[in-house]
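Worksheet for the structure shown next.
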Amino acid sequence: MKKIILAAIAVMTFGFANAQSVKFGIKGGVNLSTFTGDVEDASSKVGFQVGGFAEFKFSDKFAIQPELLYSLQGAKFDEKGDSYTYKENIHASYLNIPVMARYYVVNKLSIEAGPQIGFLLSAKDKWESLENGEKYTGKENIKDSFKSVDFGLNIGAGYDFTENVSAGIRYNFGLSNISDFEDAGKIHNNVISLNLGYKF
């Protein structure tokens, strides 16, 4: 994956010199994220992402789009028993850098794929339990429980409503283990995002 990231950087460098046109923009949207791997009862939670991008267009059909995004991700856990309920919400914020290759199937509709590296900014755990009528709550900083770098692969599609306004949907497959505890098994980020973008 590191080799892929380095190759993507090389492509961007090449793109500056060879792109037919370069446009910059901002984007933001909604995340639906969860954990997969050696975890049980994980469900999706709603977050968001916001940031900027640059589009290097080589032809009417092909473009490279590096991005810089702040992304709020994580997962929820719910457990119920005869005399208790337990709810846990993990909030993990990342600075994500995807590099997407975009192919325009038709004039305004594109498909995309590319690698992503993410840097963990913070991770917090908020939980609530109800046992025999007694309610307990707590918050904890759990950044040390996760690795500081995450690698993933994105696939998605986009639609340009105008030359400036676009919308997209994207799925991020977490490829690396984000857990920093050996006995915790492997945990991966998985995120579906819906976003709107504006090109200047």
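The values are calculated or read from the model by the stated rules, or taken from the named source; none is laboratory data. Just so we're clear, the structure is a prediction, and the values are computed from it rather than from any experiment. FYI the Cβ positions are ideal-geometry reconstructions off the backbone, even for glycines, and counts take in every protein chain you see. Each accessible area value is taken on the protein alone, full model and side chains, heavy atoms only, with ligands, DNA and RNA left out. Shrake-Rupley method; radii C 1.70, N 1.55, O 1.52, S 1.80 Å.
Of note:
- Solvent-accessible surface ranking, highest first, for K27, K87, K61 at 1.4 angstrom: K87, K61, K27
- Where the chain is the region considered: accessible area per residue in Å², 1.4 Å probe: 55
- Backbone amide hydrogens, once placed in the peptide plane, bring L175 within less than 5 Å of F151, G152, L153, excluding anything fewer than 5 places away on its chain.
- The local environment of L120, defined by Cβ-Cβ distances under 9 Å, has a net charge of +1 under the rule Lys, Arg +1 and Asp, Glu -1.
- Estimated inter-spin distance, L196 and N107, nm [label 7 Å along Cα→Cβ]: 2.3
- Distance between the 7 Å Cα→Cβ label points at Y171 and V50: 2.8 nm.
- Dipole axis of the chain (+1 Lys, Arg; -1 Asp, Glu on Cβ), positive-most option in W127, N189, N96: N96
- Using the Cβ-Cβ distance between S122 and F62 with R0 set to 41 Å, the FRET efficiency from 1/(1 + (r/R0)^6) comes to roughly 0.65.
- The mean sequence distance of close C-alpha pairs (under 8 Å, at least 6 residues apart), as a share of the length of region 98-189, puts its relative contact order at 25 percent.
- Nearest-0.05 FRET efficiency for V149 and E182, computed from C-beta distance (R0 22 Å): 0.80
- GNM top mover of K135, K143, K57 - the chain, alpha-carbon springs below 10 Å: K135
- Across the chain, the relative contact order, built from alpha-carbon pairs under 8 Å that are at least six residues apart, equals 20 percent.
- Tilt relative to the chain, helix 2-18 - C-alpha long axis, 0 to 90 degrees, to 10: 30
- A simple count of charges around N31, restricted to other residues whose Cβ falls under 15 Å of its Cβ and scoring Lys, Arg +1 and Asp, Glu -1, yields +2.
- About the Cα centre, charge dipole magnitude for the chain (Lys/Arg +1, Asp/Glu -1 at Cβ), debye: 1040
- The residue list T85, F53, G114 was ranked by how far each Cα lies along the charge dipole of the chain toward its positive end, using unit charges on Cβ atoms, and F53 comes out on top.
- Count Lys and Arg as plus one, Asp and Glu as minus one, and take only other residues whose Cβ is under 14 Å from that of A42; the net charge is then -3.
- Residue-span extension gain [D82 to N164] - 0.36 nm each, minus C-alpha spacing: 24.0 nm
- Listed values for region 183-200 are Karplus-derived 3J(HN,Hα) couplings in whole Hz (6.51 cos²θ - 1.76 cosθ + 1.60, θ = phi - 60°), namely 7, 8, x, 9, 10, 10, 6, 9, 9, 9, 10, 10, 9, 10, x, 9, 9, 7, and x replaces Gly and Pro.
- As a fraction of the 1.4 Å probe accessible area of the chain, surface on carbon and sulfur atoms comes out at 60 percent.
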